[in-house]
Amino acid sequence: MGREQQQVSYTVEQLVSVNPYNPDIVSDLENYVNEQVSSQTYSLEANLCLLRLYQFEPGRMSIPIVVQILIKALMAMPASDFSLCLFLIPEQVQMEEQFKTLIVLSHYLETARFRQFWDEAAKSRSILEVVPGFEQAIQAYAIHVLSLTYQKVPRPVLAEAINIEGLSLDKFIEHHVANSGWALEKSHGRSQLIVLPRNEFNHPELKKHTADGVPFEHVTRVFPILS
Amino acid sequence: MSHPGRVHNPSRYVVPSLDEVLSFTGSAVAEAAQSLIPSASETLIDRSVARMASSYDYDDASLDSRYPRPPSAGQGSAGTDQGYDPNFVPDSVKTFVVHLYRHIREKNVYEIHQMYDGSFQRLSDRMFRECPWPSVEAIAPYVDNDHVFCLLYREMWFRHLYARLSPTGRQRVESWDNYCSLFSVVLHGVVNMQLPNQWLWDMVDEFVYQFQSYCQYRAKLKNKTEEELQLLRQYDQAWNVYGVLNYLQALVEKSAITDVLEREKEGLEQFTATDGYDYEGGTSNVLKMLGYYSMIGLLRVHCLLGDYHTGLKCLAPIDISQQGVYNVVIGSHISTIYHYGFANLMLRRYVEAIREFNKILLYILKYKQYHQKSPQYDQILKKNEQMYALLAICLSLCPQNNLVEENVNSQLRDKYNEKMTKMLRYDDEAYAVYDELFTYACPKFITPSAPVLEEPLTNYNQDAYRLQLKLFLYEVKQQQLLSGVRSFLKLYSTISIGKLAAYMEVDEPTLRTILMTYKHKMHAIDGDGKIIPNADVDFYISENL
């Protein structure tokens, strides 16, 4: 069964790159979306191809499939796949309830409003739970943004961003300390500090100066007030 | 049930699937085989072509005013002003087609270019300002009824019609039919001509333009006559989006142009060095160059559909960081960079867009004077203005003024200083300016699906544009508070979260989300998943004192 599946997806990818402007591959692409969902894989190219074909023949559009594509695209953040998909979906379709919800969720993620995101996601569990791996993908995105921003992040900020608290959070942090180069520190106040790995974005002194690189004029260090 | 993409009847207006386009169909090939195929003696090196090639590249003639214009080719034959007679062939037109036909047979690319770029325009200006050229049936006897020449003539005929007059629905459909025939002949690989790059670029460019124009035409249903609606019903396959895309794709594929470019990188093939011409073997450059230009055509079509990611993928085999055949013909250069830049803007890769707009705007500043007499001059100026508007937008979303060359910058400030100041403010007035500039500079987006020809008949030709504008402004809104952050960060090398929040008049948790948004928006992700920083001003939050 595994090898058969392998062959089907190989063929679909080939179709998309060799003969994409072809209405006969719509059902193959739709099956492929379902397969991406169930096997937790992802193909932007194939999904854009399908959205294009829906654009060419709006009567064939399947709303559930498009919803799945958009959720997968959300999971690809920080890449801008979600907006790439929206560019191809007619305005009237975007007015449907499910799409409005997803757009709101995307908005919260784009503007790093993680608390509001998780609140809204909880309300929309029925739409989101069809796609396994959603929570983990968003948590990975949240950590990505925190790593760009913080050298050390306070525990409450991390908790809010990834929507994990208490003992589960302890285990989560332990896992990343063991595997992702995180470290723990006690701060002067009560809360824990999680030290994120050093990279060129939270430690600008590490920035490599390439000829191509964006000229770097100014870096500010921002710190909290002790209460 | 008709299936677009399938040949379901032998109607003239078939919509080809990719397979059909690529496969062999007998009659078209046989006809083409009779025309413009050199006899044995003509396969020897064409001396005039070889001589021209060694001195310089004649496609750069427009940059280089060393080329004298040939003496006027026509003796004006008046009488085409009142009432158009498609069968009347003035002497100057007779001379024109006879000479053009001969030059094509002799593969004298230089002469072909002079006639195509020069004589055709002059005759059009003098005699066909407000009416079409003589019909192809009328001139055919002067050119041995050559099938391929007639297709080429008709292509020019329709292009002239679109440029100077207003095509009817029927003419639009006939033009589609002509492109199908012309591209089919080329794809079957039996064409043996060398044509100037300018002409080959114009063909692809015009093909995409007429497609876009037809989509706009057929989306305006409210005031259509019953006759026009009937035409739309009957010829529902004309300018079908599958057909357009599949022809472009087929040209790319059949020409194997991506292989040529790959081999060239490894030094195994000459292509750029000869601008795509074959000086020695004298083989045809038509399929190869149409394939090359079709990559740019595909980028353009995908931008019109709102699929920026795929558009850029179609262009990927062309390395725009190098000189290449894409910048030999100025129209192709500008179209490539305009669409490349626009796609990057919509993908939030602002630095990349700024870089490319800057380069081409500088180029146009330096060289536009050499194109003043060219028929493309107006287009060049228009695209120039649009790209300044796009550059203004990019710089407002991503201030990187040091990426802009000084002369380009002063032009930019002349045109848009006040508007750029407004755009930095992020209030209602700012959105109005973003709206205005985007609307002015964006491509003419299309709705590709077939029209619904039942009551109520509406005009929906603006729908696609409205969606792209809305999504663009939505992105602008998400970046609303970031310019405020930037100006404060510029003032401080160290600042506490509390103080920054106070200055920005938000509470601490909100400030934290704003700071994270800044980081997210200022770090785009490129095609390989790499993080590309956009910002000239950056920060990090450290919990130490």
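The values are calculated or read from the model by the stated rules, or taken from the named source; none is laboratory data. A quick note: this is a predicted structure, and the numbers were derived from the prediction, not measured. Cβ sites come from the backbone with ideal geometry, for glycine too, and all protein chains shown count toward neighbours.
Okay, here's what the table says:
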{"quantity": "Checklist (1) more than 30 Å from B:G311 (Cβ to Cβ); (2) surrounded by fewer than 15 Cβ atoms within 10 Å (Cβ to Cβ) applied to B:E228, failing item", "calculated": "(2)"}
{"quantity": "Selection status of B:Q468, more than 8 Å from chain A (Cβ to nearest Cβ) and either modelled with pLDDT of 90 or more or closer than 22 Å to B:L397 by Cβ (or both)", "calculated": "no"}
{"quantity": "Filtered residue count, region A:136-152, keeping only those that are at the interface with another protein chain (Cβ under 8 Å from one of its Cβ atoms) and of a type outside the set (S, T, Y)", "calculated": "5"}
{"quantity": "Residues of region B:482-497 satisfying the condition of being surrounded by 16 or more Cβ atoms within 10 Å (Cβ to Cβ) and facing another protein chain (nearest Cβ under 9 Å)", "calculated": "B:F488, B:L489, B:Y492, B:I495, B:S496, B:I497"}
{"quantity": "Residue ID - surrounded by the fewest Cβ atoms within 10 Å (Cβ to Cβ), chosen from residues in region B:438-447 that are farther than 14 Å from B:M346 by Cα and out of contact with any Leu (no Cβ under 6 Å at 6 or more places or on another chain)", "calculated": "B:Y440"}
{"quantity": "Complete set of residues in region B:460-479 that are within 23 Å of the chain's Cα centre (by Cα) and not in a helix (DSSP H, G or I)", "calculated": "B:N461, B:Q462"}
{"quantity": "Residue match in region B:358-373 (condition: under 23 Å from B:L473 (Cα atoms) and either more than 14 Å from chain A (Cβ to nearest Cβ) or of a type outside the set (A, V, I, L, M, F, W, C) (or both))", "calculated": "no"}
{"quantity": "The lone exception for B:V143 - which of (1) more than 19 Å from B:K94 (Cβ to Cβ); (2) crowded, with 18+ Cβ neighbours inside 10 Å it fails", "calculated": "(1)"}
{"quantity": "Filtered residues of region B:82-133 (kept if surrounded by 17 or more Cβ atoms within 10 Å (Cβ to Cβ), within 28 Å of the chain's Cα centre (by Cα) and in a loop (DSSP other than H, G, I, E, B))", "calculated": "B:K107, B:N108, B:F128, B:C131, B:P132, B:W133"}
{"quantity": "All helices (runs of 4 or more DSSP H) inside region B:312-423 with 2 or more residues being over 26 Å from B:Q249 (Cβ atoms)", "calculated": "B:350-367, B:377-397, B:406-423"}
{"quantity": "Tally, over region B:112-125, of residues that are in contact with a helix residue (DSSP H, G or I) (Cβ under 8 Å, 6 or more places away or on another chain) and without any contact (Cβ under 8 Å) to a residue 60 or more places away in the chain", "calculated": "5"}
{"quantity": "Tally of residues being closer than 22 Å to B:P375 by Cβ and surrounded by fewer than 20 Cβ atoms within 10 Å (Cβ to Cβ) across region B:207-225", "calculated": "3"}
{"quantity": "Residue list for region B:288-324, restricted to those being modelled with pLDDT of 95 or more and charged (D, E, K, R)", "calculated": "B:R300, B:D307, B:K313"}
{"quantity": "B:L261, sole failed condition from (1) away from chain A (no Cβ under 14 Å); (2) in a loop (DSSP other than H, G, I, E, B)", "calculated": "(2)"}
{"quantity": "Single condition B:M127 does not satisfy, out of (1) in contact with a Gly (Cβ under 9 Å, 6 or more places away or on another chain); (2) at pLDDT 95 or above", "calculated": "(2)"}
{"quantity": "Number of the exception - B:L151 against (1) farther than 24 Å from B:K373 by Cα; (2) under 24 Å from the mean Cα position of the chain (by Cα); (3) at pLDDT below 50; (4) of a type in the set (A, V, I, L, M)", "calculated": "(3)"}
{"quantity": "Meets criteria (hydrophobic (A, V, I, L, M, F, W, C) and within 11 Å of chain B (Cβ to nearest Cβ)) for A:V18", "calculated": "yes"}
{"quantity": "Residues (crowded, with 20+ Cβ neighbours inside 10 Å and part of a helix (DSSP H, G or I)) located in region B:233-247", "calculated": "B:V241, B:Y242, B:G243, B:V244, B:L245, B:N246, B:Y247"}
{"quantity": "Residue match in region B:154-172 (condition: in contact with a helix residue (DSSP H, G or I) (Cβ under 6 Å, 6 or more places away or on another chain) and in a loop (DSSP other than H, G, I, E, B))", "calculated": "yes"}
{"quantity": "Total residues in region B:505-536, condition free of Cβ contacts under 8 Å to residues at least 40 places away in the same chain, surrounded by 16 or more Cβ atoms within 10 Å (Cβ to Cβ) and either part of a helix (DSSP H, G or I) or of a type in the set (K, R) (or both)", "calculated": "10"}
{"quantity": "B:Y293, sole failed condition from (1) hydroxyl-bearing (S, T, Y); (2) over 16 Å from the mean Cα position of the chain (by Cα); (3) surrounded by 23 or more Cβ atoms within 10 Å (Cβ to Cβ)", "calculated": "(2)"}
{"quantity": "Pick from region B:424-437, criterion among the hydrophobic types (A, V, I, L, M, F, W, C) and assigned to a helix (DSSP H, G or I), ranking: surrounded by the fewest Cβ atoms within 10 Å (Cβ to Cβ)", "calculated": "B:A432"}
{"quantity": "All positions within region A:156-193 that are facing another protein chain (nearest Cβ under 10 Å), assigned to a strand (DSSP E or B) and buried (at least 17 other Cβ atoms within 10 Å of the Cβ)", "calculated": "A:L193"}
{"quantity": "Complete set of residues in region B:400-423 that are in contact (Cβ under 8 Å) with a residue 12 or more places away in the chain, surrounded by 13 or more Cβ atoms within 10 Å (Cβ to Cβ) and among the polar types (S, T, N, Q)", "calculated": "B:Q400, B:Q411"}
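Every residue, every condition in (1) more than 24 Å from B:P448 (Cα to Cα); (2) at pLDDT 95 or above; (3) within 14 Å of chain B (Cβ to nearest Cβ); (4) touching a Gly at 6+ places or on another chain (Cβ under 6 Å), yes or no:
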position	(1), (2), (3), (4)
A:L53	no, yes, yes, no
A:A73	no, yes, yes, no
A:C85	no, yes, yes, no
A:Q92	no, no, yes, no
A:E96	no, no, no, no
A:R115	yes, yes, yes, no
A:I127	yes, no, no, no
A:F134	yes, yes, no, no
